[in-house]
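Working notes for the structure below.
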Amino acid sequence: QVQLVESGGGLVQAGGSLRLSCAASGRTFSTYSMGWFRQAPGNEREFVATISWNGGSTNYADSVKGRFTISRDNAKNTVYLQMNSLKPEDTAVYYCAARRGISSRGVGDYENWGQGTQVTVSS
């Protein structure tokens, strides 16, 4: 098990940037694939980005490709989501998640979740 705590959310104008962080507890962080997901009011939780255990492989939802970048620092037990050119439709609660094994886009494939951080993009 790994505990996850997100930070870095907030209110930003359209076109702006935010950097989310997700700090993980435990000494086995480097063995987990990590993902970012988001959930807007009334919507299901959806995939945003994922990164492999060593950072060598990343994957993005089409809606964020070219604007968001996922990265990780295993020495700091932290995964990041750099979000640029933000749009109002990016408004959601953003969650990080961890799973053993290969990266996945599936919400149900992740065993460990953070509490989420709110991102609000104003037009």
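The values are calculated or read from the model by the stated rules, or taken from the named source; none is laboratory data. In this text the structure is predicted, and so the values were computed from the model without any measurement. Methodologically, a virtual Cβ is constructed for each residue, glycine included, from the backbone with ideal geometry; neighbour enumeration extends over all protein chains shown. With ligands, DNA and RNA removed, areas are computed over all heavy atoms of the protein, side chains included. Shrake-Rupley method; radii C 1.70, N 1.55, O 1.52, S 1.80 Å.
A few notes on this one:
- Figure note: D73, D90 ranked by solvent-accessible area, largest first, 1.4 Å probe, ligands and nucleic acids not counted: D73, D90.
- The label point for Q39 and the one for A61, both projected 7 Å from the Cα toward the Cβ, are 1.3 nm apart.
- Simple Cβ-charge dipole of the range 1-82, Lys/Arg +1 and Asp/Glu -1, about Cα centre, in debye nearest 20: 180
- Over the chain - Rg/Rh using Cα atoms and the Kirkwood inverse-distance radius: 0.94
- The portion of the accessible surface of the range 18-111 made up by carbon and sulfur, rounded to a whole percent, is 47 (1.4 Å probe; DNA, RNA and ligands excluded).
- Separation between Cα centres of the range 35-51 and the range 1-21, rounded to whole Å: 13
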